[in-house]
Every structure is written in structure tokens, then in C-alpha cells.
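In what follows, a single structure is set out as C-alpha cells and then discussed.
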Amino acid sequence: MPTPSMEDYIEQIYLLIEEKGYARVSDIAENLSVHPSSVTKMVQKLDQEKYLVYEKYRGLVLTANGKKVGKRLVYRHDLLEQLLQIIGVKEENIYQDVEGIEHHLSWDSIDRIGDLVEYFQEKPVRIEQLKAIQKKNEDVEK
Ligand SMILES: [Mn+2]
């Protein structure tokens, strides 16, 4: 099992390779707001644990397992963003909140949240009903 920090790296590497076709140490460092030397260290660790293959002058490639894990981590992140959007969390809070919670839920909870998101998406009237409750609670707070 990757640690939360390893998960952040695998997730970013997966996204970069999806977007650009490759993941450079400098891009990973920028996206995670860390020093490039930290990236090099973590990349070596991820190489040892067989999530990727790292060659200093040729860049890095995810292994089959690294891709599988990366795909699941990106799915988890996107799903949690969808959940927060549906329940009406302000756009400016969504990314940071997901970064804060994503590592701390079991896959059981993730799958149940998947059901919940589907529940709302299946019938948009359910989202409207939730909004009506929020409106009522906001009025009470005022
Ligand atoms: Mn994330």
C-alpha cells in the first residue's frame, strides 16, 4: 500500500503522463509545490517499490501496477470533487478539501460515495431537493 505522500506523487505522475505523454521531475515538483530534490528522492522510492521505472536521462515510466494505482487515485480524486460539487461546496474550497480527505477514506467508503454520486446524477431533481434544504438552513443561519 502506498503512503499518502506516495499517492500524491503517483497521482500527479499519472496525470502528467496522461496530459503530456511524459512526467518531468520539474513538472512534478511544480504541481506538488515541493523541491525537485524531494521529487528525485520519492521517484527513487517509487522505483524501488515497482510503481515506476526511473532512468536519470530518459525520464520515468509507470509500471503496469503504477498505472493501475494511478488510474484509481485519479478516479478517487475526481469522484470526491464531484461529490463536493453536488452537495454545494463552494468552487474555491473543492480542490483543497479533496486533497485533505482523499487519503483518509477506505475504498469501501469511496465505492459508497460512488453510489451516492450516482444517486444524485440519476435524477437531478434530487440535487434540487438538497438545494432546497440548504436554502432553508441558510435562511435559519441569517
Ligand atoms: Mn488529489
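The values are calculated or read from the model by the stated rules, or taken from the named source; none is laboratory data. This structure is a prediction, so every number in the text was calculated from the model and none was measured. Quick reminder, even Gly has a Cβ in these numbers, built from the backbone with ideal geometry, and neighbours come from all protein chains shown. Surface areas here come from the heavy atoms of the whole protein model, side chains and all, with no ligands, DNA or RNA. Shrake-Rupley method; radii C 1.70, N 1.55, O 1.52, S 1.80 Å.
Determine, for each peptide in 56-67, 91-102, the mean count of other beta carbons within 10 angstrom over its residues, then list the peptides with the highest first.
Result, highest mean first: 56-67, 91-102.
Return the carbon/sulfur percentage of the accessible area of the chain, one whole number, probe 1.4 Å, all protein chains in place.
53
Can you classify the range 22-142 as rounded, prolate or oblate using the Cα gyration tensor, where a ≥ b ≥ c are the square roots of its eigenvalues, rounded means a/c under 1.5, and otherwise it's prolate if a/b beats b/c and oblate if not?
Since a/c reaches 1.5 and a/b is larger than b/c, the shape of the range 22-142 is classed as prolate.
Which FRET efficiency value, to the nearest 0.05, is calculated for Q129 and M1 with the Förster distance at 35 angstrom and r the Cβ-Cβ distance?
E between Q129 and M1, to the nearest 0.05, is 0.35.
If the only charges are +1 at each Lys and Arg Cβ and -1 at each Asp and Glu Cβ, what is the size of the charge dipole of the chain around the Cα centre, to the nearest 20 debye?
With Lys and Arg at +1 and Asp and Glu at -1, about 400 debye.
For L52, list long-range residues whose amide hydrogen, built 1.01 Å from N in the peptide plane, is under 5 Å from its own amide hydrogen.
Here D47, T63 satisfy the definition.
Using the per-residue mean of other Cβ atoms lying within 10 Å as a proxy for protection, in what order, highest first, do the peptides 14-26, 74-86, 127-139 fall?
74-86, 14-26, 127-139
Please give the contour-minus-distance gain from R72 to W107: 0.36 nm per residue of separation, less the Cα-Cα distance, rounded to one decimal in nm.
Extra length available between R72 and W107 comes to 11.6 nm.
In degrees from 0 to 90, rounded to the nearest 10, what is the angle of the helix 91-101 Cα long axis to the longest principal axis of the chain?
Rounded to the nearest ten degrees, it is 60.
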